[in-house]
Amino acid sequence: MQNKREVGKLGEDAVCAYLEQQGAEILCRNFTIRGGELDIVARKDDFLLIVEVKTRQPNALCSGAAAVTPRKQQLLIRTAEAYLLKNPTDLQPRFDVAEVEYSGGFVRRIEYIENAFYG
């Protein structure tokens, strides 16, 4: 049985590969400030993608998107602001959520939600 950190890394690795296949460039992973973390920061076209990755087993009680509560959204926005202070850009920030389904140690499906919420 994998621990929560290993499962999260598995999901993040899969989403990074997915984003790269879609033409995105990964700029940063696991940007952390006190009270917040950005799983993935990427660039695609004119957007700075702030991606929250939620990795779940099939038939989980709560979907990945539902786990990004209004409180979590505020933390992500605050953390993104800190990222942008350290890494100024002309790119338009966009908050996306990637729901990753895994079982048996393997990623089975990625549901990628663009503009999951607005900052």
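The values are calculated or read from the model by the stated rules, or taken from the named source; none is laboratory data. Nothing here was measured: the structure is a model prediction, and the numbers come from that model. When we count neighbours, we look across all protein chains shown, and the Cβ atoms used for this are built from the backbone with ideal geometry, even at glycine. All accessible areas refer to the heavy atoms of the entire protein, side chains included, with ligands and DNA or RNA removed. Shrake-Rupley method; radii C 1.70, N 1.55, O 1.52, S 1.80 Å.
Side notes on the structure shown:
- Sole residue being of a type in the set (Ser, Thr, Tyr), open to solvent by less than 20 Å² (accessible area, probe 1.4 Å) and more than 11 Å from the chain's Cα centre (by Cα), chosen from Thr32, Thr79: Thr79
Conditions tested, residue by residue: (1) in contact (Cβ under 8 Å) with a residue 60 or more places away in the chain; (2) under 20 Å from Lys4 (Cβ atoms); (3) in contact with a strand residue (DSSP E or B) (Cβ under 9 Å, 6 or more places away or on another chain).
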position	(1), (2), (3)
Ala60	no, yes, yes
Lys72	no, yes, yes
Leu75	no, yes, yes
Thr79	no, yes, yes
Thr89	no, no, yes
Arg94	no, no, yes
Val97	no, yes, yes
Phe106	no, yes, no
Arg109	no, yes, yes
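- Going through (1) out of contact with any Asp or Glu (no Cβ under 7 Å at 6 or more places or on another chain); (2) open to solvent by 30 Å² or more (accessible area, probe 1.4 Å); (3) outside any strand (DSSP E or B) one by one, Glu101 falls short only on (3).
- Residues located in the range 1-25, provided they are in contact (Cβ under 8 Å) with a residue 12 or more places away in the chain, surrounded by fewer than 17 Cβ atoms within 10 Å (Cβ to Cβ) and either of a type in the set (Val, Ile, Thr) or in a helix (DSSP H, G or I) (or both): Tyr18
- Restricting attention to the range 82-99, the residues that are more than 15 Å from the chain's Cα centre (by Cα) and of a type in the set (A, V, I, L, M) total 4.
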